Amino acid sequence: MRGVDLTHAFAALLGRSDLPAGSYDAYYGGDTLDEFLFPAPWLTPAALASSAPVALPDVACYLDDDHAALAWEFDLANSLFAVEWADDVLPAAFLADVRAADPDMLVRGADLGVLLARHGIELAAKSARRLRYRITALLRLATDGTLHDAMRMATFTHRLPALAVLGSNSQRRVEQRWAEALAGVEPPELRDHLRLHCLEPFWSRAAGACYLGASEWPTGTSALDGRRKLVAGWEFGESQSGVAVVG
């Protein structure tokens, strides 16, 4: 599995023959993340100031038949945080500063960290539980800014040679159009791993993912609509969370 060229596989998913140059990101969000976000010991001003990759073990997805959890690393400084319906629990001055940073109140982690410190708000404290769904997160996967790396991280193929496997006895069905698109991908282990990202919605509820292509914003990522162009998206579980690759 060493030296596997992922370009052909990603091009097959994107419906094109190559991977274009440019600046791309991948973001993860959804109810699975936001429901248990607070208190968050990792959402401190110091942590939010850093773009160094950070592992968040509690943020994971399940792909293979063994239901092994797979986790990403994130860039918190360039993640996005939406502040909504918070007038009754957050200081007016803080909300005014958030609005000044972004009229839609969707701010970068680095900017949020500065405002948290300025107003003395601690998201790691037990009292932060009252902020559930008042502050929601779109976590940026730690990538190098290329489409290749965004796709690599979104599909967990950065874990090569360790790949998830669609067991021979599995009843989970792959969407036919994506099974056909991936038919020429080699080696077979890589093809099976990517097939787990292209299951029919019913069969992706327990593990694996449903591939939406560029036709629909995955759960938890629609705040990017109008700001970025959707390139590829996946949903996990019963549409409880999603990851979007954007240009």
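The values are calculated or read from the model by the stated rules, or taken from the named source; none is laboratory data. As the structure is a prediction and not an experimental result, all values here were calculated from the model. Counting neighbours? That spans all protein chains shown, and the Cβs are built from the backbone with ideal geometry, glycine included. Note: accessible area is taken over every heavy atom of the protein model, side chains too, but ligands, DNA and RNA are not part of it. Shrake-Rupley method; radii C 1.70, N 1.55, O 1.52, S 1.80 Å.
Okay, here's what the table says:
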{"item": "Centroid-to-centroid separation of region 34-108 and region 194-211 [C-alpha atoms, Å]", "result": "26"}
{"item": "Length added when fully stretched, V89-A46, from 0.36 nm per residue minus Cα-Cα", "result": "13.2 nm"}
{"item": "Taking the convex hull of Cα positions in region 1-150, its mean projected area over all directions (nm²)", "result": "11.1"}
{"item": "Inter-site label distance for L56 and S239 at 7 Å from Cα along Cβ, in nm", "result": "2.3"}
{"item": "H197 - accessible surface, heavy atoms, 1.4 Å probe, Å² rounded to 10", "result": "0"}
{"item": "Carbon and sulfur %, accessible surface of the chain computed with the full protein complex present, 1.4 Å", "result": "49"}
{"item": "Cα-projected label distance for A183 with S17, points at 7 Å along beta-carbon direction, nm", "result": "2.0"}
{"item": "Highest average packing first - 139-147, 184-192, 235-243, Cβ atoms within 10 Å", "result": "235-243, 139-147, 184-192"}
{"item": "Electrostatic dipole magnitude of region 26-142 [Cβ: Lys, Arg +1; Asp, Glu -1; Cα centre; debye, to 20]", "result": "540"}
{"item": "Accessible area of region 26-142 divided out per residue, in Å², using a probe of 1.4 angstrom", "result": "47"}
{"item": "Net dipole in debye of the chain [+1 Lys, Arg Cβ; -1 Asp, Glu Cβ; about Cα centre; nearest 20]", "result": "180"}
{"item": "Gaussian network model of the chain, springs between alpha carbon atoms under 10 Å - residue of G208, G15, G109 with greatest fluctuation", "result": "G15"}
{"item": "Label-point gap, in nm, between A206 and R159 - each point 7 angstrom along Cα→Cβ", "result": "1.8"}
{"item": "Extension reserve of the T7-D102 stretch, reckoned as 0.36 nm per residue once the Cα distance is removed", "result": "30.6 nm"}
{"item": "Within region 226-247: backbone nitrogen closer than 12 Å to the T146 label point (7 Å, Cα to C-beta)", "result": "none"}
